[in-house]
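Peer 1: Before we start, here is the structure in question, set down as C-alpha coordinates.
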Amino acid sequence: MLSNHHCHDFLIVFPVMFFTSGGYHGGMPAFFVFAIIFTVLMLEKRRALIVSLLEIVLYIGLCLVAYHFPHIVTPFATEADRLADILLAFVSVSTVCGIVLYFHLKEYNQQQLLLEEQNLRLRSLDNSKSTFLTTVAHEIKNPLSSISLHARDTSELLEEEHLDFSLMQENLRTIEQSVMRIDRIVLDLMDTVSIEQGRLALSLVPSDLGALLHSVEKDFNSHPSSGNNQLVLTIQPDLPEISADSERLIQVITNLISNAERHTQNGTITISLTGEPGWQTICVSDTGTGMSEEMRKNALKGYVSADKDYWRHGIGLYVCHQIITAHGGKIWLKSKEGEGTQVFFSLPEEES
(Lines give C-alpha, C1' and ligand atoms only; values in the text may rest on other atoms or scores of the structure.)
Protein backbone atom coordinates (compact mmCIF):
# COMPACT_ATOMS: atom_id res chain seq x y z
CA MET A 1 0.00 0.00 0.00
CA LEU A 2 2.86 2.39 0.83
CA SER A 3 4.59 1.78 -2.51
CA ASN A 4 1.32 2.27 -4.43
CA HIS A 5 0.82 5.60 -2.65
CA HIS A 6 4.33 6.75 -3.57
CA CYS A 7 3.82 5.76 -7.22
CA HIS A 8 0.66 7.85 -7.33
CA ASP A 9 2.69 10.76 -5.89
CA PHE A 10 5.21 10.39 -8.72
CA LEU A 11 2.45 10.59 -11.33
CA ILE A 12 0.84 13.67 -9.74
CA VAL A 13 3.60 15.65 -7.99
CA PHE A 14 6.47 15.14 -10.45
CA PRO A 15 4.63 16.72 -13.45
CA VAL A 16 3.96 19.83 -11.35
CA MET A 17 7.60 19.94 -10.22
CA PHE A 18 8.70 19.44 -13.83
CA PHE A 19 7.11 22.68 -15.03
CA THR A 20 8.04 24.71 -11.92
CA SER A 21 11.68 23.55 -11.82
CA GLY A 22 13.04 24.28 -15.25
CA GLY A 23 11.63 21.27 -17.12
CA TYR A 24 14.22 19.06 -18.75
CA HIS A 25 16.90 21.75 -18.30
CA GLY A 26 17.19 21.08 -14.53
CA GLY A 27 17.37 18.09 -12.22
CA MET A 28 13.92 16.62 -12.98
CA PRO A 29 15.22 13.95 -15.41
CA ALA A 30 17.14 12.39 -12.49
CA PHE A 31 14.01 12.38 -10.32
CA PHE A 32 12.03 10.60 -13.04
CA VAL A 33 14.79 7.98 -13.30
CA PHE A 34 14.48 7.53 -9.53
CA ALA A 35 10.68 7.17 -9.85
CA ILE A 36 11.09 4.37 -12.41
CA ILE A 37 13.70 2.52 -10.30
CA PHE A 38 11.53 2.87 -7.18
CA THR A 39 8.51 1.52 -9.08
CA VAL A 40 10.39 -1.53 -10.39
CA LEU A 41 11.73 -2.37 -6.91
CA MET A 42 8.54 -1.81 -4.93
CA LEU A 43 5.70 -3.12 -7.07
CA GLU A 44 4.88 -6.63 -8.23
CA LYS A 45 5.99 -7.72 -11.68
CA ARG A 46 2.97 -6.83 -13.81
CA ARG A 47 2.06 -3.66 -11.90
CA ALA A 48 5.71 -2.57 -11.92
CA LEU A 49 5.86 -2.96 -15.71
CA ILE A 50 2.63 -1.05 -16.29
CA VAL A 51 3.41 1.83 -13.91
CA SER A 52 7.03 2.21 -15.05
CA LEU A 53 5.92 2.32 -18.71
CA LEU A 54 3.32 4.90 -17.73
CA GLU A 55 6.01 7.00 -16.04
CA ILE A 56 8.25 6.77 -19.12
CA VAL A 57 5.39 7.84 -21.40
CA LEU A 58 4.51 10.64 -18.96
CA TYR A 59 8.08 11.99 -18.96
CA ILE A 60 8.31 11.88 -22.75
CA GLY A 61 4.98 13.68 -22.96
CA LEU A 62 6.09 16.35 -20.48
CA CYS A 63 9.31 16.92 -22.44
CA LEU A 64 7.36 17.33 -25.70
CA VAL A 65 4.94 19.77 -24.07
CA ALA A 66 7.83 21.77 -22.59
CA TYR A 67 9.56 21.83 -25.99
CA HIS A 68 6.52 23.08 -27.90
CA PHE A 69 5.22 25.40 -25.13
CA PRO A 70 8.33 26.70 -23.35
CA HIS A 71 6.42 29.62 -21.84
CA ILE A 72 4.62 27.28 -19.36
CA VAL A 73 7.97 26.17 -17.89
CA THR A 74 9.37 28.28 -15.06
CA PRO A 75 13.01 28.93 -16.01
CA PHE A 76 15.94 29.21 -13.62
CA ALA A 77 16.91 32.76 -12.70
CA THR A 78 20.59 32.11 -13.24
CA GLU A 79 22.89 29.41 -14.57
CA ALA A 80 24.12 28.91 -11.00
CA ASP A 81 20.55 28.07 -9.89
CA ARG A 82 20.28 25.56 -12.72
CA LEU A 83 23.59 23.92 -11.76
CA ALA A 84 22.56 23.79 -8.10
CA ASP A 85 19.28 22.08 -9.02
CA ILE A 86 21.06 19.49 -11.18
CA LEU A 87 23.63 18.74 -8.46
CA LEU A 88 20.95 18.52 -5.76
CA ALA A 89 18.94 16.09 -7.87
CA PHE A 90 22.04 14.01 -8.63
CA VAL A 91 23.13 13.75 -4.98
CA SER A 92 19.59 13.10 -3.69
CA VAL A 93 18.73 10.44 -6.26
CA SER A 94 22.15 8.75 -5.99
CA THR A 95 21.92 8.61 -2.18
CA VAL A 96 18.36 7.29 -2.05
CA CYS A 97 18.94 4.76 -4.85
CA GLY A 98 22.12 3.58 -3.13
CA ILE A 99 20.32 3.08 0.19
CA VAL A 100 17.37 1.30 -1.45
CA LEU A 101 19.64 -0.99 -3.47
CA TYR A 102 21.79 -1.70 -0.40
CA PHE A 103 18.83 -2.92 1.64
CA HIS A 104 17.42 -4.89 -1.28
CA LEU A 105 20.76 -6.60 -1.83
CA LYS A 106 21.06 -7.24 1.90
CA GLU A 107 17.61 -8.81 1.96
CA TYR A 108 18.46 -10.84 -1.15
CA ASN A 109 21.68 -12.14 0.44
CA GLN A 110 19.81 -13.05 3.62
CA GLN A 111 17.23 -14.93 1.58
CA GLN A 112 20.01 -16.72 -0.28
CA LEU A 113 21.64 -17.76 3.00
CA LEU A 114 18.28 -18.92 4.32
CA LEU A 115 17.68 -20.86 1.11
CA GLU A 116 21.11 -22.50 1.37
CA GLU A 117 20.40 -23.48 4.99
CA GLN A 118 17.04 -24.93 3.99
CA ASN A 119 18.69 -26.85 1.13
CA LEU A 120 21.29 -28.23 3.54
CA ARG A 121 18.52 -29.30 5.93
CA LEU A 122 16.59 -30.91 3.07
CA ARG A 123 19.71 -32.77 1.90
CA SER A 124 20.37 -33.87 5.47
CA LEU A 125 16.78 -35.09 5.81
CA ASP A 126 17.04 -36.87 2.46
CA ASN A 127 20.25 -38.59 3.56
CA SER A 128 18.65 -39.52 6.89
CA LYS A 129 15.65 -41.01 5.10
CA SER A 130 17.91 -42.98 2.75
CA THR A 131 19.91 -44.28 5.71
CA PHE A 132 16.67 -45.02 7.54
CA LEU A 133 15.27 -47.04 4.63
CA THR A 134 18.55 -48.92 4.21
CA THR A 135 18.61 -49.72 7.92
CA VAL A 136 15.00 -50.90 7.97
CA ALA A 137 15.53 -53.04 4.86
CA HIS A 138 18.57 -54.65 6.48
CA GLU A 139 16.77 -55.13 9.82
CA ILE A 140 13.83 -56.88 8.17
CA LYS A 141 15.85 -58.83 5.60
CA ASN A 142 17.80 -60.83 8.19
CA PRO A 143 14.81 -62.31 10.07
CA LEU A 144 12.94 -62.87 6.79
CA SER A 145 15.91 -64.79 5.42
CA SER A 146 16.02 -66.83 8.62
CA ILE A 147 12.29 -67.59 8.37
CA SER A 148 12.65 -68.62 4.73
CA LEU A 149 15.66 -70.84 5.43
CA HIS A 150 14.18 -72.67 8.42
CA ALA A 151 10.74 -72.99 6.81
CA ARG A 152 12.34 -74.61 3.76
CA ASP A 153 14.41 -76.89 6.01
CA THR A 154 11.29 -77.90 7.94
CA SER A 155 9.44 -78.58 4.69
CA GLU A 156 12.25 -80.90 3.59
CA LEU A 157 12.22 -82.66 6.97
CA LEU A 158 8.49 -83.36 6.58
CA GLU A 159 9.22 -85.23 3.34
CA GLU A 160 11.67 -87.60 5.03
CA GLU A 161 10.59 -91.06 6.09
CA HIS A 162 11.83 -90.66 9.65
CA LEU A 163 10.81 -87.29 11.06
CA ASP A 164 13.33 -85.44 13.23
CA PHE A 165 10.96 -83.72 15.63
CA SER A 166 13.70 -82.12 17.73
CA LEU A 167 15.20 -80.40 14.69
CA MET A 168 11.76 -79.34 13.50
CA GLN A 169 11.01 -77.83 16.92
CA GLU A 170 14.31 -75.97 16.84
CA ASN A 171 13.46 -74.60 13.39
CA LEU A 172 10.04 -73.49 14.60
CA ARG A 173 11.57 -71.74 17.62
CA THR A 174 13.97 -69.90 15.32
CA ILE A 175 11.07 -68.89 13.06
CA GLU A 176 9.15 -67.67 16.11
CA GLN A 177 12.12 -65.57 17.25
CA SER A 178 12.44 -64.05 13.78
CA VAL A 179 8.73 -63.21 13.69
CA MET A 180 9.02 -61.54 17.10
CA ARG A 181 12.00 -59.54 15.86
CA ILE A 182 10.05 -58.32 12.83
CA ASP A 183 7.17 -57.43 15.15
CA ARG A 184 9.53 -55.29 17.25
CA ILE A 185 10.87 -53.59 14.11
CA VAL A 186 7.34 -52.75 12.91
CA LEU A 187 6.45 -51.44 16.37
CA ASP A 188 9.59 -49.27 16.35
CA LEU A 189 8.68 -47.96 12.89
CA MET A 190 5.20 -47.00 14.05
CA ASP A 191 6.66 -45.32 17.12
CA THR A 192 9.19 -43.45 14.99
CA VAL A 193 6.36 -42.00 12.90
CA SER A 194 4.48 -41.04 16.08
CA ILE A 195 7.61 -39.41 17.51
CA GLU A 196 8.27 -37.40 14.33
CA GLN A 197 4.65 -36.20 14.36
CA GLY A 198 4.71 -35.44 18.10
CA ARG A 199 2.08 -38.09 18.86
CA LEU A 200 3.98 -40.41 21.23
CA ALA A 201 1.39 -41.02 23.95
CA LEU A 202 2.03 -42.47 27.42
CA SER A 203 -0.42 -44.13 29.81
CA LEU A 204 1.12 -43.32 33.19
CA VAL A 205 0.08 -45.56 36.08
CA PRO A 206 1.78 -46.60 39.36
CA SER A 207 4.37 -49.19 38.28
CA ASP A 208 6.67 -51.56 40.15
CA LEU A 209 9.88 -51.71 38.12
CA GLY A 210 11.06 -54.83 39.97
CA ALA A 211 7.92 -56.76 39.03
CA LEU A 212 8.21 -55.44 35.49
CA LEU A 213 11.77 -56.76 35.17
CA HIS A 214 10.72 -60.16 36.51
CA SER A 215 8.07 -60.37 33.77
CA VAL A 216 10.71 -59.51 31.15
CA GLU A 217 13.01 -62.19 32.60
CA LYS A 218 10.21 -64.75 32.47
CA ASP A 219 9.49 -63.93 28.83
CA PHE A 220 13.20 -64.15 27.96
CA ASN A 221 13.57 -67.55 29.60
CA SER A 222 10.50 -68.89 27.81
CA HIS A 223 12.37 -68.62 24.50
CA PRO A 224 15.81 -70.03 23.74
CA SER A 225 18.49 -67.34 23.52
CA SER A 226 19.51 -66.67 19.91
CA GLY A 227 23.11 -66.15 21.04
CA ASN A 228 23.14 -68.83 23.73
CA ASN A 229 23.37 -66.11 26.37
CA GLN A 230 22.49 -66.13 30.04
CA LEU A 231 20.24 -63.43 31.53
CA VAL A 232 21.11 -62.25 35.05
CA LEU A 233 18.71 -60.03 37.01
CA THR A 234 19.64 -58.00 40.11
CA ILE A 235 17.03 -55.84 41.84
CA GLN A 236 17.44 -53.55 44.82
CA PRO A 237 14.65 -54.43 47.28
CA ASP A 238 11.96 -52.17 48.75
CA LEU A 239 11.88 -49.60 45.97
CA PRO A 240 8.65 -47.57 45.69
CA GLU A 241 6.37 -47.57 42.68
CA ILE A 242 6.84 -44.86 40.08
CA SER A 243 4.46 -43.25 37.60
CA ALA A 244 5.22 -44.85 34.24
CA ASP A 245 3.82 -46.54 31.14
CA SER A 246 4.66 -50.19 31.85
CA GLU A 247 4.11 -51.36 28.28
CA ARG A 248 6.46 -48.69 26.93
CA LEU A 249 9.13 -49.56 29.50
CA ILE A 250 8.86 -53.25 28.60
CA GLN A 251 9.32 -52.19 24.97
CA VAL A 252 12.48 -50.25 25.94
CA ILE A 253 13.98 -53.12 27.94
CA THR A 254 13.08 -55.67 25.26
CA ASN A 255 14.77 -53.49 22.65
CA LEU A 256 17.90 -53.22 24.77
CA ILE A 257 17.99 -56.97 25.37
CA SER A 258 17.47 -57.59 21.65
CA ASN A 259 20.43 -55.33 20.82
CA ALA A 260 22.56 -57.10 23.42
CA GLU A 261 21.53 -60.51 22.07
CA ARG A 262 22.52 -59.66 18.52
CA HIS A 263 26.04 -58.66 19.53
CA THR A 264 26.77 -61.15 22.29
CA GLN A 265 27.51 -64.84 21.78
CA ASN A 266 27.78 -67.34 24.65
CA GLY A 267 27.95 -64.46 27.10
CA THR A 268 25.98 -62.79 29.86
CA ILE A 269 23.30 -60.11 29.69
CA THR A 270 22.75 -58.41 33.03
CA ILE A 271 19.77 -56.27 34.01
CA SER A 272 20.05 -54.31 37.24
CA LEU A 273 17.65 -52.01 39.09
CA THR A 274 18.97 -49.56 41.67
CA GLY A 275 17.48 -46.61 43.49
CA GLU A 276 18.71 -43.28 44.78
CA PRO A 277 16.76 -40.32 46.20
CA GLY A 278 14.17 -39.31 43.62
CA TRP A 279 15.35 -41.67 40.88
CA GLN A 280 15.38 -45.34 39.90
CA THR A 281 17.94 -46.58 37.38
CA ILE A 282 17.89 -49.65 35.15
CA CYS A 283 21.04 -50.87 33.42
CA VAL A 284 21.18 -53.46 30.62
CA SER A 285 24.76 -54.62 30.11
CA ASP A 286 26.32 -57.30 27.93
CA THR A 287 29.69 -58.90 27.33
CA GLY A 288 29.48 -58.51 23.56
CA THR A 289 31.35 -56.67 20.85
CA GLY A 290 30.92 -53.12 22.17
CA MET A 291 31.03 -49.86 20.21
CA SER A 292 33.57 -47.34 19.02
CA GLU A 293 33.63 -43.86 20.59
CA GLU A 294 32.07 -42.26 17.50
CA MET A 295 29.29 -44.84 17.36
CA ARG A 296 28.60 -44.45 21.08
CA LYS A 297 28.16 -40.68 20.72
CA ASN A 298 25.62 -41.08 17.89
CA ALA A 299 23.83 -44.26 18.99
CA LEU A 300 20.83 -42.51 20.59
CA LYS A 301 20.26 -40.30 17.53
CA GLY A 302 19.00 -43.19 15.42
CA TYR A 303 19.98 -44.96 12.20
CA VAL A 304 23.49 -45.82 13.44
CA SER A 305 25.46 -48.53 11.66
CA ALA A 306 29.09 -49.59 11.56
CA ASP A 307 29.59 -52.80 9.65
CA LYS A 308 26.46 -54.17 8.01
CA ASP A 309 27.41 -57.74 8.96
CA TYR A 310 28.67 -56.96 12.44
CA TRP A 311 26.90 -54.10 14.23
CA ARG A 312 23.64 -52.36 13.54
CA HIS A 313 21.42 -50.50 16.01
CA GLY A 314 18.80 -49.27 13.58
CA ILE A 315 15.95 -47.34 15.14
CA GLY A 316 15.61 -49.25 18.43
CA LEU A 317 17.83 -47.03 20.58
CA TYR A 318 16.31 -43.90 19.05
CA VAL A 319 12.82 -45.03 20.08
CA CYS A 320 14.12 -46.00 23.54
CA HIS A 321 15.62 -42.54 23.93
CA GLN A 322 12.35 -40.82 23.01
CA ILE A 323 10.25 -43.02 25.32
CA ILE A 324 12.52 -42.41 28.31
CA THR A 325 12.66 -38.68 27.58
CA ALA A 326 8.85 -38.59 27.40
CA HIS A 327 8.83 -40.04 30.95
CA GLY A 328 11.01 -37.16 32.12
CA GLY A 329 13.94 -39.54 32.43
CA LYS A 330 17.52 -39.77 31.17
CA ILE A 331 19.26 -42.41 29.07
CA TRP A 332 22.97 -42.87 28.38
CA LEU A 333 25.40 -45.63 27.54
CA LYS A 334 28.95 -46.75 28.12
CA SER A 335 30.78 -48.97 25.69
CA LYS A 336 34.19 -49.95 24.36
CA GLU A 337 34.96 -52.12 21.40
CA GLY A 338 35.52 -55.70 22.53
CA GLU A 339 34.39 -54.98 26.11
CA GLY A 340 30.61 -54.95 25.85
CA THR A 341 27.99 -52.25 26.28
CA GLN A 342 26.05 -50.80 29.21
CA VAL A 343 22.85 -48.86 28.59
CA PHE A 344 21.43 -46.95 31.56
CA PHE A 345 18.17 -45.12 31.96
CA SER A 346 16.84 -43.31 35.02
CA LEU A 347 13.22 -42.50 35.78
CA PRO A 348 11.94 -40.01 38.35
CA GLU A 349 10.00 -41.38 41.30
CA GLU A 350 7.65 -38.40 41.29
CA GLU A 351 5.07 -38.04 38.53
CA SER A 352 6.56 -37.13 35.13
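The values are calculated or read from the model by the stated rules, or taken from the named source; none is laboratory data. Here the structure is a predicted model, which is why all the values come from computation and not from measurement. Note that we place each Cβ from the backbone using ideal geometry, even for glycine, and neighbour counts take in every protein chain shown.
Peer 1: Which residues, taken from the stretch 108-132, are modelled with pLDDT under 75 and either outside any helix (DSSP H, G or I) or of a type in the set (A, V, I, L, M, F, W, C) (or both)?
Peer 2: Hit for the stretch 108-132 is Phe132, nothing else.
Peer 1: Just for the stretch 282-322: of the residues that are in contact with a helix residue (DSSP H, G or I) (Cβ under 7 Å, 6 or more places away or on another chain), charged (D, E, K, R) and not in a loop (DSSP other than H, G, I, E, B), which one is modelled with the lowest pLDDT?
Peer 2: Of everything passing the filter in the stretch 282-322, Arg312 is modelled with the lowest pLDDT.
Peer 1: Which of the following residues is polar (S, T, N, Q) and in contact with a strand residue (DSSP E or B) (Cβ under 8 Å, 6 or more places away or on another chain): Thr254, Thr234, Thr192?
Peer 2: Values: Thr254 fails: in contact with a strand residue (DSSP E or B) (Cβ under 8 Å, 6 or more places away or on another chain); Thr192 fails: in contact with a strand residue (DSSP E or B) (Cβ under 8 Å, 6 or more places away or on another chain).
The unique qualifying residue is Thr234.
Peer 1: Take Ser130 and tell me if it is surrounded by 11 or more Cβ atoms within 10 Å (Cβ to Cβ), hydroxyl-bearing (Ser, Thr, Tyr) and not assigned by TED's automatic domain parsing to the domain that holds Gln280. Spell out the reasoning first.
Peer 2: Values: surrounded by 11 or more Cβ atoms within 10 Å (Cβ to Cβ): yes; hydroxyl-bearing (Ser, Thr, Tyr): yes; not assigned by TED's automatic domain parsing to the domain that holds Gln280: yes.
Yes, satisfied.
Peer 1: Still on this structure: Yes or no: the stretch 76-83 includes at least one residue that is outside any helix (DSSP H, G or I) and either more than 30 Å from Thr20 (Cβ to Cβ) or in contact (Cβ under 8 Å) with a residue 12 or more places away in the chain (or both). Can you show your working first?
Peer 2: Taking the stretch 76-83 first, the residues outside any helix (DSSP H, G or I) are 76-78.
When the remaining residues are screened for being either more than 30 Å from Thr20 (Cβ to Cβ) or in contact (Cβ under 8 Å) with a residue 12 or more places away in the chain (or both), the result is 76.
Yes, that holds for at least one residue.
Peer 1: Please verify whether Leu347 is buried (at least 21 other Cβ atoms within 10 Å of the Cβ), at pLDDT below 90, at negative phi and not β-branched (Val, Ile, Thr), treating the condition exactly as stated. Please lay out each step first, then the result.
Peer 2: Details: buried (at least 21 other Cβ atoms within 10 Å of the Cβ): yes; at pLDDT below 90: no; at negative phi: yes; not β-branched (Val, Ile, Thr): yes.
So Leu347 does not fit the description; no.
Peer 1: Going through the stretch 323-338 one residue at a time, which ones are under 23 Å from the mean Cα position of the chain (by Cα), surrounded by 15 or more Cβ atoms within 10 Å (Cβ to Cβ) and in a strand (DSSP E or B)?
Peer 2: Listed by number, the residues that qualify are Lys330, Ile331.
Peer 1: How many residues are in contact (Cβ under 8 Å) with a residue 24 or more places away in the chain and either part of a helix (DSSP H, G or I) or surrounded by fewer than 16 Cβ atoms within 10 Å (Cβ to Cβ) (or both) when one looks only at the stretch 37-46?
Peer 2: Step one: of the stretch 37-46, the residues in contact (Cβ under 8 Å) with a residue 24 or more places away in the chain are 37-39, 41-43.
Filter once more, so that each one left must be either part of a helix (DSSP H, G or I) or surrounded by fewer than 16 Cβ atoms within 10 Å (Cβ to Cβ) (or both): 37-39, 41-42.
Residues meeting the conditions: 5.
Peer 1: Here's a follow-up. Would you check if Gly98 is surrounded by fewer than 12 Cβ atoms within 10 Å (Cβ to Cβ), in the same structural domain as Phe14 (by TED's automatic domain parsing) and out of contact with any strand residue (DSSP E or B) (no Cβ under 9 Å at 6 or more places or on another chain)?
Peer 2: Details: surrounded by fewer than 12 Cβ atoms within 10 Å (Cβ to Cβ): yes; in the same structural domain as Phe14 (by TED's automatic domain parsing): yes; out of contact with any strand residue (DSSP E or B) (no Cβ under 9 Å at 6 or more places or on another chain): yes.
Answer is yes for this residue.
Peer 1: Any chance the stretch 255-262 includes a residue that's modelled with pLDDT of 90 or more and either part of a loop (DSSP other than H, G, I, E, B) or assigned by TED's automatic domain parsing to the domain that holds Leu209 (or both)? Spell out the reasoning first.
Peer 2: Going residue by residue through the stretch 255-262, those that are modelled with pLDDT of 90 or more are 256-257.
Right, trim to either part of a loop (DSSP other than H, G, I, E, B) or assigned by TED's automatic domain parsing to the domain that holds Leu209 (or both) and you get 256-257.
Checked against the condition, which is being modelled with pLDDT of 90 or more and either part of a loop (DSSP other than H, G, I, E, B) or assigned by TED's automatic domain parsing to the domain that holds Leu209 (or both), the stretch 255-262 yields at least one hit.
Peer 1: Looking at (1) closer than 30 Å to Ala244 by Cα; (2) surrounded by 14 or more Cβ atoms within 10 Å (Cβ to Cβ), which one does Asn142 not meet, given that it meets all the others?
Peer 2: Only one criterion is unmet by Asn142, namely (1).
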